Amino acid sequence: MLSMYPFRAFSEDGGLVSYGPNFNELFRQAAGYVDRILKGEKPGELPIQAPTKFELIFNVKAAKAIGLEFAPLLLARRRGDRVGSTPRLDHLQQFHRRQRHVADAHVERR
């Protein structure tokens, strides 16, 4: 079944496409929170943060198995040649930045 998944692991395990946050970056953000808390800041006063980096993962091997081809432009922008390579799609990241700013503005109004 053709499907899109929210986590990279699904595409690495045979799923066709996944799109979701970059967990390495989320862990870095969490480490920043821990650092600030250990330095004495109150957890309740720390700002809410949303993911800032997202990954669009194509499983080329799975696509070939079902006779599907991805657009050459998408594949040309990927990093590496292995299954689950991550292209940097600036327009998707810009969309999520705008969404995060809208969410931040909503939180500030409360």
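A short reminder: the numbers here are calculations on the coordinates, not readings from a lab. If you're wondering where the values come from, they're calculated on a predicted model, not measured in any experiment. Neighbour counts run over all protein chains shown; Cβ positions are idealised from the backbone, glycine included.
With the simple model of a label 7 Å out from the Cα in the direction of the Cβ, Gln29 to Lys53 spans 1.2 nm.
When you filter the GluC sites (Glu not before Pro) in the stretch 1-41 for DSSP loop state and at most 15 other Cβ atoms inside 10 Å of their Cβ, you are left with Glu41. Using only alpha-carbon positions in the stretch 1-50, the gyration tensor eigenvalues give semi-axes of 34, 10, 6 Å once each is multiplied by 5 and square-rooted (largest first).
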